[in-house]
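Peer 1: Below is a structure I'd like to ask you about.
The values are calculated or read from the model by the stated rules, or taken from the named source; none is laboratory data. Owing to the predicted nature of the structure, the values given are computational and were not obtained by experimental measurement. Virtual Cβ from ideal backbone geometry, glycine too; neighbours counted across all protein chains shown. Ligands, DNA and RNA are stripped out before the accessible areas are found, and what is left, the full protein with its side chains, is counted by its heavy atoms. Shrake-Rupley method; radii C 1.70, N 1.55, O 1.52, S 1.80 Å.
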Amino acid sequence: MTITFTTEPAERLADAERARVLEAPAFGDVFSDHMISIDWGVERGWYDARITPYAPLVLDPSAQVFHYGQEVFEGLKAYRRPDGSVVTFRPYANAARLNRSCARMAMPPLPEATFVEALELLVTTDRDWVPEQPGHSLYLRPFMIATQRTIGFYGPSDAYRFMVIASPAAAYFKAGARPLTVWLCEDYTRAAPGGTGEAKCGGNYAGTLVAQAQAREMGCDQVVWLDSAEHRQVEEMGTSNMFFVYGDRLVTPELSGSLLSGVTRDSVLALAGELGYTAEEGRISVADWRADAESGRLTEVFSCGTSSMITPVGEVRSKDGGWTIGGGEAGPVTGRLRAELSGIQSGQRPDPFGWVHKIA
Ligand code: COI
């Protein structure tokens, strides 16, 4: 890996300005001082790994990513602990998922060790960017784009770039742990069997913006995606997976091939078992969701993902009206899982699963 550090004062945010951002980070609009890039070519494989000052890219306007959307990405966080050390969470799970997304999008795999090394180097170099406040973190965004110069659509690109950038982050949903109001999306479909729904690729998100706008118009925070055939089975939310809580039994929609296999989802399945709950994958229909919420059998619903962590869902709106869950209040199981998971990440709770990965 070649290393080119930021030369002051060019590009680099002044210390005072960085301190101001770290006091109250938003999500995803300010970036740390450096970025990682690694190129790939048919003949050479992965080459020219480098860390350089964060800066705009120079890419050919015909680069395949701009026209045919060959792109995948990941998201994970680095946390500063009270003793000053910096850790990340299950980075090899993200590395493995990146490669599953690459396989679906006909892109070359990146060795998992290289993925983790790239994160470690960026976080170590920009460690001053890891916020100190509990609940805040440095969000890491690894991604891969197709860079071949061509607007012919004959096959996968013959050149790619893998990159990592980093952005200090507070809670994704501005009101913190306020229960979300969600919109059941029946006019649009996010993914269908055999499609790209399970891959973390940009196109999956671009296609959902119109539904997200509809959700906002209806006064909702997020969209809930349903199965493509009948719009009856719950799949996932716009930026996260979902769990349904029946007392001490938790159910999350099974991996049908058209929803994202979230790292937080997988962690909640394991953690819930450890805490004495029953946690399983299954099918949840909209009709059951409504009936069980109205009868009180369904006690809580929460969303889970890297950026949004564990966030309660209090209200559902749809064309047929709506309903609340648990009176619209955040429930104890959601609160406990959130506290336990963030405790593992911050070092305040033991890590029986070996999920925490020390960086610096
Ligand atoms: C994440 O939670 O890390 C994601 O990738 C969701 C993104 C749309 C913010």
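Peer 1: Would you say PHE115 is within 16 Å of the ligand (Cβ to nearest atom) and either of a type in the set (A, V, I, L, M, F, W, C) or out of contact with any Phe, Trp or Tyr (no Cβ under 7 Å at 6 or more places or on another chain) (or both)?
Peer 2: yes
Peer 1: Being more than 16 Å from the ligand (Cβ to nearest atom), at pLDDT 95 or above and among the polar types (S, T, N, Q) is the requirement here; does SER240 meet it?
Peer 2: On the way: more than 16 Å from the ligand (Cβ to nearest atom): no; at pLDDT 95 or above: yes; among the polar types (S, T, N, Q): yes.
Criteria not met by SER240.
Peer 1: Looking at segment 228-249, can you tell me whether even one residue there is without any contact (Cβ under 8 Å) to a residue 24 or more places away in the chain, acidic (Asp, Glu) and assigned by TED's automatic domain parsing to the domain that holds GLU315?
Peer 2: Yes, some residue in segment 228-249 is without any contact (Cβ under 8 Å) to a residue 24 or more places away in the chain, acidic (Asp, Glu) and assigned by TED's automatic domain parsing to the domain that holds GLU315.
Peer 1: Okay, next question. Quick one: count up the residues across segment 327-345 that are open to solvent by 20 Å² or more (accessible area, probe 1.4 Å), in contact with a strand residue (DSSP E or B) (Cβ under 6 Å, 6 or more places away or on another chain) and not basic (Lys, Arg). Step through it out loud before you land on a result.
Peer 2: Just the residues of segment 327-345 that are open to solvent by 20 Å² or more (accessible area, probe 1.4 Å), to begin with: 327-330, 332, 335-336, 338-340, 342.
Within this subset, residues satisfying the condition of being in contact with a strand residue (DSSP E or B) (Cβ under 6 Å, 6 or more places away or on another chain) are 328, 330, 338.
Right, trim to not basic (Lys, Arg) and you get 328, 330.
Number of matching residues: 2.
Peer 1: Is it the case that segment 270-279 has a residue that's acidic (Asp, Glu) and touching a helix residue (DSSP H, G or I) at 6+ places or on another chain (Cβ under 7 Å)?
Peer 2: Step one: of segment 270-279, the residues acidic (Asp, Glu) are 274.
Next cut, touching a helix residue (DSSP H, G or I) at 6+ places or on another chain (Cβ under 7 Å) only: none.
No, because not a single residue in segment 270-279 is acidic (Asp, Glu) and touching a helix residue (DSSP H, G or I) at 6+ places or on another chain (Cβ under 7 Å).
Peer 1: If I ask for residues that are of a type in the set (A, V, I, L, M) and either in contact (Cβ under 8 Å) with a residue 12 or more places away in the chain or farther than 18 Å from HIS231 by Cβ (or both), which ones from segment 272-300 would you list? Spell out the reasoning first.
Peer 2: Keep residues of segment 272-300 that are of a type in the set (A, V, I, L, M), which gives 272, 275, 279, 284, 286-287, 291, 293, 298.
Across segment 272-300, the qualifying residues are ALA272, LEU275, ALA279, ILE284, VAL286, ALA287, ALA293, LEU298.
Peer 1: Let me ask something else about it. List every residue pair whose Cβ atoms lie under 9 Å apart, where the two residues are 6 or more positions apart in sequence or sit on different chains, the first residue falls within segment 204-223 and is within 12 Å of VAL316 (Cβ to Cβ), and the second residue, located anywhere, is within 12 Å of the ligand (Cβ to nearest atom) and among the aromatic types (Phe, Trp, Tyr).
Peer 2: That search, which allows pairs on different chains as well, returns ASP221/PHE173; GLN222/PHE173.
Peer 1: Would you confirm, using the coordinates I've provided, whether PRO108 is touching a His at 6+ places or on another chain (Cβ under 6 Å) and either farther than 30 Å from PRO193 by Cβ or in contact (Cβ under 8 Å) with a residue 24 or more places away in the chain (or both)? It would help to see each step written out before you state the result.
Peer 2: Working: touching a His at 6+ places or on another chain (Cβ under 6 Å): no; either farther than 30 Å from PRO193 by Cβ or in contact (Cβ under 8 Å) with a residue 24 or more places away in the chain (or both): yes.
When the stated conditions are applied, PRO108 does not pass them.
Peer 1: Another question about this same structure. Taking the condition within 16 Å of the ligand (Cβ to nearest atom), open to solvent by 40 Å² or more (accessible area, probe 1.4 Å) and in contact (Cβ under 8 Å) with a residue 40 or more places away in the chain, does VAL30 pass? Full working, then the answer.
Peer 2: Details: within 16 Å of the ligand (Cβ to nearest atom): yes; open to solvent by 40 Å² or more (accessible area, probe 1.4 Å): yes; in contact (Cβ under 8 Å) with a residue 40 or more places away in the chain: yes.
Yes.
Peer 1: On the basis of being assigned to a loop (DSSP other than H, G, I, E, B) and either out of contact with any Lys or Arg (no Cβ under 9 Å at 6 or more places or on another chain) or among the aromatic types (Phe, Trp, Tyr) (or both), does ARG290 make the cut? Walk me through it before giving the result.
Peer 2: Details: assigned to a loop (DSSP other than H, G, I, E, B): no; either out of contact with any Lys or Arg (no Cβ under 9 Å at 6 or more places or on another chain) or among the aromatic types (Phe, Trp, Tyr) (or both): yes.
Answer is no for this residue.
Peer 1: Next question, about the same structure. Tell me which residues, restricted to segment 298-314, are surrounded by fewer than 24 Cβ atoms within 10 Å (Cβ to Cβ) and over 21 Å from TYR139 (Cα atoms).
Peer 2: Within segment 298-314, LEU298, THR299, PRO312, GLY314 meet the criteria.
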